[in-house]
Amino acid sequence: MYYENRGEKRGRGLLVFLAMLVIIVLLVALNLRLEGIQNSNEQNYSTEKLKNEVEEKQEPEEGKKDYAFIKEATKSIVGISKMKQTGILSDDENGGIESGSGVIVTENGYILTNHHVAGNKYSSCYVTLESGKVYDGNVVWADKNIDLAIVKISIAKSDYMRLGDSDKIDLGEDVYAIGNPIGFEFQRTVTKGIISGLNRTIKVQENDKSVYMEDLIQTDSTINNGNSGGALINLSGELLGINTIKITDAHGIGFAVPVNIVKPIIEKLSETGKFDEPYLGIYGYDKEVIPYLNSSVDLESGIYIDSIALDGPVYNSGIIVGDIITKIDNVEINKMSELKKYIYSKNPGDTVKLIVHRKFKDFEVDIKLNYNV
């Protein structure tokens, strides 16, 4: 019996083993089939991270404004010093030496400044450049009535300031004044402002005589003693005017002489090395000034002749004080600065035709320009 029971046990164990083996084989086969089905449904494709179609826009960071034009302009600003002159326009706080500013306007060393800074034609002064080098300066041209002068230094090549168009400036336009206020200690000081007014006329009392300066540029850029003769520039670094005077009992009211009036002179000096100044020999005022001088004159246009020089070509021409010049060579004029600019473009010996108005009548006069010594 013992042997029969053992054999039966072995038979049952073999059946269990075979059954388990079959189950394992079936499970493996089923798994392989399922993987095959899954692989058959897969597609080959590349992937990338999804992005929002509307991305957040970042405003560009505002860069630093470019003020290189100011730094470049300061290279053309010079200091001018000389023995003190008398007159209320003089900067006289430096112990017998008056100082002011100037602007180099040509590569070969011509400097534009004020008459009250540099002095009369043929006088001399000292010119200090940005480098600190000091030159002897000679005044080659000057006009006291418009408070401008041109100084020459012996230099082969220099930084210089480009000339702008003072006839094309607007109220409210940004400008910068550059000069040497209160002497050279604060040399090349830059102040910012705007064009506050155009074609201004101011009355200056000097040596018990009233003088009217016309066609000035008004600015609120700070102008102090020593700034006289310095530059008033635009945002392109171009010279618009020469700072000349300020109202002492008010803040933010300064004036500059427009540069256009002397462009013909600068061009001739730069190209030929000389300027033979043509001379008409009159001085007059426009409609803005004449009410202060003669309230009975109704001047709507033209130049009212206030004085005639005894050595000028207009003297003995038939033109008298009180006449009104309306045209020169058929060019209308309404400011003394316009008349001066036109005359500066001529040469001594040239003949100009003046249209003159007197007592409701017009007449023509030909004038041969003299040489202004």
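Numbers at a glance
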{"read-out": "Label point distance in nm, Asn330-Leu310, each placed 7 Å from Cα along Cα→Cβ", "value": "3.9 nm"}
{"read-out": "Pairwise FRET efficiency - Asn347 versus Asn120, Cβ, R0 = 25 Å, nearest 0.05", "value": "0.65"}
{"read-out": "Cα-based reach from Lys71 at 20 Å (exclusive), listing lysines while leaving out same-chain residues under 8 positions away", "value": "Lys133, Lys157, Lys192"}
{"read-out": "Fraction of alpha-carbon pairs over 21 Å apart in the range 200-265 - percent", "value": "24 percent"}
{"read-out": "Rg/Rh (Cα only; Kirkwood hydrodynamic radius) as it applies to the range 121-212", "value": "1.00"}
{"read-out": "Inter-site label distance for Phe360 and Ser236 at 7 Å from Cα along Cβ, in nm", "value": "4.9 nm"}
{"read-out": "Additional length obtainable on full extension of the chain from Ile70 to Ser295, 0.36 nm per residue less Cα span", "value": "76.5 nm"}
{"read-out": "Pairs from Lys287/Lys341; Lys82/Lys268; Lys246/Lys274 whose Cα-Cα separation, in the structure shown, is over 21 Å", "value": "Lys82/Lys268; Lys246/Lys274"}
{"read-out": "Sites Glu107 and Asp276 - FRET efficiency at Förster radius 22 Å, r taken between beta-carbons, to 0.05", "value": "0.50"}
{"read-out": "The range 325-339 residues near the modelled Glu267 label - backbone nitrogen below 16 Å, point 7 Å along Cα→Cβ", "value": "338-339"}
{"read-out": "Largest-first ordering by accessible area, 1.4 Å probe, given options Asp174, Asp167", "value": "Asp167, Asp174"}
{"read-out": "Cβ-placed point charges (K, R +1; D, E -1), dipole of the range 156-304 about Cα centre in debye, nearest 20", "value": "400 debye"}
{"read-out": "18 Å tail of the calculated P(r), the range 229-373, as % of Cα pairs", "value": "63 percent"}
{"read-out": "Residues in the range 209-226 reached by a label modelled at Val321 [backbone nitrogen below 14 Å; 7 Å Cα→Cβ]", "value": "210"}
{"read-out": "Protein-only accessible surface order, largest first, of Phe69, Phe275, Phe186 at 1.4 Å", "value": "Phe186, Phe69, Phe275"}
{"read-out": "Cα centroid separation, the range 203-223 to the range 108-167 (Å)", "value": "21 Å"}
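The values are calculated or read from the model by the stated rules, or taken from the named source; none is laboratory data. Computed from a predicted structure; not experimentally measured. So basically every Cβ, Gly included, is an ideal-geometry build from the backbone, and we count neighbours across all protein chains shown. Surface accessibility is based on the protein's heavy atoms, side chains included, excluding ligands, DNA and RNA. Shrake-Rupley method; radii C 1.70, N 1.55, O 1.52, S 1.80 Å.
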